[in-house]
Amino acid sequence: MEIITIPCLQDNFAYLLICNKTKQAAVVDPSEAAPVKTTVEEHGVELTTILNTHHHWDHVDGNKELSEYFPNLSIYGHDSDRGRIPGQTEFLKSGDEVCFGEQTGSFLHNPGHTSGAITYVFGKFAFTGDTMFAAGCGRLFEGTAAQMHDSLNLQIGSLADETELYFGHEYTEANLRFALSVEAGNTEIEKKLTTVRALRAEGRFSTPTTLAEERKTNPFLRCTSTEIHSTLQTKDPKQDLAEKMVFKTLRELKDKF
Ligand SMILES: [Zn+2]
């Protein structure tokens, strides 16, 4: 399977997934139709499928126009997003497969950012939408910090270290600056910030990341870090150091960062 990153809107990413055997393709989170059409045509593939990670407009706004232009598209989303994802045809429930061309994938249900948020998994590739970003996570619109903690640490965190994570927004530089603010002694974060600044200066993108890198640099996967604990206790001596409470405080601090 080949993956093409399609920058959309201001800082969104859609991804074109191409089945090399059949030249059929799926697009993850088409926030707008035009750049997706162009990419499909450039690669000479047949778009058969849309994979929406959640219902927010900046992940689904291209659905309607794409389904008029490319007939009979399968449009996947979580079952609980019924009525919220334009043109949805596939309503994913626990254990369901996700298919296009000769590719078969699965999904993780990740409540937190929204109640129907999912991550699509095809072998070593995962598409996390707004649940997990490089060095960060999505805001809590429809879920609790405890749910988001589990979505990141127990669900996505159960994937293999070498898993490549393709996320929904280019927020990496700001996320790494926040990560350093709570864990200033983490040299892995500093190294990654230097790399990402160089990439961005050249107009390139920081997607994908890997789970191994995230375990080292993403504060939301590092709720047991003693340095993060001492940062939070400096801000509030009564800070509860249970993992989910650390996660909750980090998310609140990031909201104000
Ligand atoms: Zn969103």
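Rounded to the nearest 20 debye, the dipole size of the chain about its Cα centre is 640 debye, using +1 on the Cβ of Lys and Arg and -1 on the Cβ of Asp and Glu. Note the angle between two axes, namely the Cα long axis of helix 243-256 and the longest principal axis of the Cα atoms of the chain, as a number of degrees from 0 to 90, rounded to the nearest 10. Rounded to the nearest ten degrees, it is 80. For the chain, the longest principal axis of the Cα atoms and the long axis of helix 187-201 meet at an angle of about 40 degrees. Assuming charge only on the beta carbon of Lys and Arg (+1) and of Asp and Glu (-1), the dipole of the stretch 172-256 about its Cα centre is about 160 debye to the nearest 20.
Between amide H atoms placed 1.01 Å from N, distances below 5 Å from Gly129 occur with Gly168, all of them 5 or more places distant or on a separate chain. Give me the net charge for the shell around Ser74: Cβ to Cβ below 13 angstrom, other residues only, Lys and Arg +1, Asp and Glu -1. The answer is -4.
The average projected area of the stretch 2-167, computed from the convex hull of its Cα atoms over all directions, is 8.8 nm². Of the residues Thr131, Asn12, Val45, the one whose Cα sits farthest toward the positive end of the charge dipole of the stretch 1-152, with +1 on the Cβ of Lys and Arg and -1 on the Cβ of Asp and Glu, is Thr131. Helix 34-43 and the longest principal axis of the Cα set of the chain meet at an angle near 70°. Among the GluC sites (Glu not before Pro) found in the stretch 89-130, those both in a DSSP coil and sparsely packed, with 12 or fewer other Cβ atoms within 10 Å of their Cβ, are Glu97, Glu102. Here the stretch 172-256 is treated as an ellipsoid with the same Cα gyration tensor; its semi-axes, largest first and in whole Å, are 25, 12, 11. Its Cα gyration tensor gives the stretch 2-44 an equivalent ellipsoid; the semi-axes, largest first and in whole Å, are 18, 10, 7. The GluC sites (Glu not before Pro) of the stretch 128-228 that meet both conditions, a loop assignment by DSSP and at most 10 other Cβ atoms within 10 Å of the site Cβ, are Glu162, Glu202.
Values quoted throughout were computed directly from the atomic coordinates according to the rules given, and no laboratory measurement underlies them. Note that the coordinates shown come from a computational prediction; the quantities given were computed from them, not determined experimentally. Backbone-built Cβ (ideal geometry, glycine too); neighbour counts: all protein chains shown.
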